[in-house]
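All remarks here apply to the structure that follows.
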Amino acid sequence: MSNLKAGRFGDAGNTIRANWQKAAKEGRNDQFFEIFGGPDGPELLQWNLRRFLLKKRTALGCMAAFVAYGVVCVVVFQALSGMLGMLGAVMLGCTFATDAQFRLWQLRNHRLSREEKGGFQHFWREQPIWQILNPELGGRRHGS
């Protein structure tokens, strides 16, 4: 997929959307392979895995930074408003990290639709909750 190598991510997003619309038919059990099964499929899959992993790491990093800032505000400046910042950072960071982990789980397990058992309820049943807070820095696939 030459447009991914050239760094034109908008074209990759359009390709994913087009493939998704073609594959989204009720009762189908092969949507993943319809979207990622073409000649550009493996590269498209890797691009998406990197994208969602970056989103998860960014959410966790921002959450950690704002929690640390909140701790400094509470301990050093004795400002209890730092606790509100910490609470907001944890809520927002966990929300974005959960979304990214859900998409990573779908891509790694090759299940995108309800028919493929790739829905959010399947994710909660199969994925350990602590995996959401794992930034996966070791270079190997954790918890997939």
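The values are calculated or read from the model by the stated rules, or taken from the named source; none is laboratory data. All values derive from a computational prediction rather than experimental measurement. SASA here: full protein model, heavy atoms, side chains in, ligands and nucleic acids out. Shrake-Rupley method; radii C 1.70, N 1.55, O 1.52, S 1.80 Å.
Taking all protein chains in place and a 1.4 Å probe, what share, in percent, of the accessible surface of segment 47-100 do carbon and sulfur account for?
Roughly 78 percent, rounded to a whole number.
Report, by chain and number, residues whose modeled amide H sits under 5 Å from the one on Leu112, excluding near sequence neighbours (fewer than 5 apart, same chain).
It is Phe32, by chain and number.
Could you state the number of Å between the C-alpha centres of segment 85-99 and segment 33-75?
So the separation of the two Cα centres works out to 13 Å.
Taking the convex hull of the Cα atoms, report for segment 36-91 its projected area averaged over all directions, in nm².
4.0 nm²
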